Amino acid sequence: MTARTLNFDFERPVAARPWGTILLALGALVSVWVLVEYGDVADEVRRWEGKLADTKRLARRSLPNFAVEDAPSAEQAQELKSANAVLDQLAAPWDNLFADIEGAAIADVALLGVQPDPRGRVVNLEGEARDLKALLTFLARLETAPALTDAHLTRHEIRQNDPNRPLVFTIRARWNQPL
């Protein structure tokens, strides 16, 4: 009897299993994604640590001491008072006042001066009128103007040395616009 030779095939082809390959590829993709996310998070941590270090450095800094004066000097108080007076004049509703004065004007009256006092809420108007009727018409129109009330004649005279003999007048009115 002869012995039969045994044939061992150690390199037998194994049937390819697709699930193993798919899992390997999926694992590789997840690993790459985790590495990218780790890099982003590490960058953000470094950025926040830098901000924290800056904040700590600023917190350790001492702030300068500012001397606080209890009251302004007399010179500063005067400058402040002057500045407030200028601001009051600039903030006054000039457009409304001048629009109402111009709206009351008539041909026979010439205004020569307007002196508003925003603090006293009074305006003085100086001018010339051709005659008394023109002056009284102008005064009545001023009285109906929305920005003016209590308009009254404070001075009037006929200029004798002028050949036209105009009536020179001063009118005082209360300026009732809010300041």
Next on the checklist: Condition (residue is part of a helix (DSSP H, G or I) and either surrounded by 10 or more Cβ atoms within 10 Å (Cβ to Cβ) or in contact (Cβ under 8 Å) with a residue 12 or more places away in the chain (or both)) applied to the stretch 3-18: is it met by at least one residue?
Outcome noted: no
Next on the checklist: Going through Leu87, Leu63 one at a time, which residue ends up being open to solvent by 100 Å² or more (accessible area, probe 1.4 Å), among the hydrophobic types (A, V, I, L, M, F, W, C) and over 30 Å from Thr149 (Cα atoms)?
Outcome noted: Leu63
Checklist outcome for this item: With criteria (1) open to solvent by 70 Å² or more (accessible area, probe 1.4 Å); (2) in contact with a helix residue (DSSP H, G or I) (Cβ under 8 Å, 6 or more places away or on another chain); (3) part of a loop (DSSP other than H, G, I, E, B), Arg141 comes up short on (3)
Checklist entry - So which of Glu102, Glu157 ends up being loosely packed, with under 11 Cβ neighbours inside 10 Å, within 36 Å of the chain's Cα centre (by Cα) and charged (D, E, K, R)? => result Glu102
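The values are calculated or read from the model by the stated rules, or taken from the named source; none is laboratory data. Quick caveat, the model's predicted, so the values are computed rather than measured. Positions of Cβ are backbone-derived with ideal geometry, glycine not excepted, and every protein chain shown enters the neighbour counts. Heads up: the accessible areas ignore ligands, DNA and RNA and are worked out on the full protein's heavy atoms, side chains in. Shrake-Rupley method; radii C 1.70, N 1.55, O 1.52, S 1.80 Å.
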